[in-house]
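Trainee: Here it is: the structure, laid out below.
Laboratory data are not the source of any read-out in this text; all were calculated from the coordinates shown. These figures come from a predicted structure and were not determined experimentally. For neighbour counting, all protein chains shown are included, and Cβ atoms are generated from backbone atoms with ideal geometry for every residue, glycine included.
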């Protein structure tokens, strides 16, 4: 029997790095937030609920280092910086949209199952 996952299980497989990137909670949300248009740091903080400025900065830098996000500084007063998806980052728009659709459709079912499992594991008082 042939394993369709192939070398993805190997530590040095590039696909494994890609999967690691997109499975980061904040990376996916930030990529999705940038999928429609470029945004400034403050816009992203407001748009992405629960992310701190520090974590957003770290996430953006990491995504830049992987070639998924571009940082553009404008020579204006006051200075303006915008973040946008690169061509490579744009290739993730469709898969992230599919995951988002799945989450919208099945998120409540997952939450209900988790809640039921927690109630089943709690001893009766």
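Trainee: Taking the Cα atoms only, what angle lies between the long axis of helix 93-121 and the longest principal axis of the chain, rounded to 10 degrees?
Mentor: 40
Trainee: Same structure again: Show me the three semi-axes of the equivalent ellipsoid for the chain, from the C-alpha gyration tensor (sqrt of 5 times each eigenvalue), largest first, rounded to whole Å. It would help to have the intermediate numbers written out before the result.
Mentor: On the way: eigenvalues 204, 105, 36 Å².
Taking √(5λ) for each Cα gyration eigenvalue gives 32, 23, 13 Å.
Trainee: Taking Rh as the Kirkwood radius, which is the inverse of the mean 1/r over Cα pairs, what is the Rg/Rh value for the stretch 25-85?
Mentor: Working: Rg = 10.9 Å, Rh = 11.6 Å.
Taking Rh as the inverse mean 1/r over Cα pairs, Rg/Rh reads 0.94.
Trainee: Which percent of Cα pairs goes in each bin when the distances of the stretch 85-125 are cut into 5 angstrom slices starting at zero?
Mentor: 5, 20, 14, 13, 12, 11, 9, 7, 5, 3, 1, 0
Trainee: Between residue 24 and residue 81, what FRET efficiency follows from the Cβ-Cβ distance if R0 is 30 Å, with the result rounded to 0.05?
Mentor: Working: r = 22 Å, r/R0 = 0.73.
The pair residue 24/residue 81 has a calculated efficiency of 0.85.
Trainee: Which order do peptides 59-70, 87-98 fall in by mean Cβ count within 10 Å, highest first?
Mentor: Values: 59-70: 17.8, 87-98: 13.6.
Per-residue Cβ counts within 10 Å, averaged per peptide and sorted highest first, yield 59-70, 87-98.
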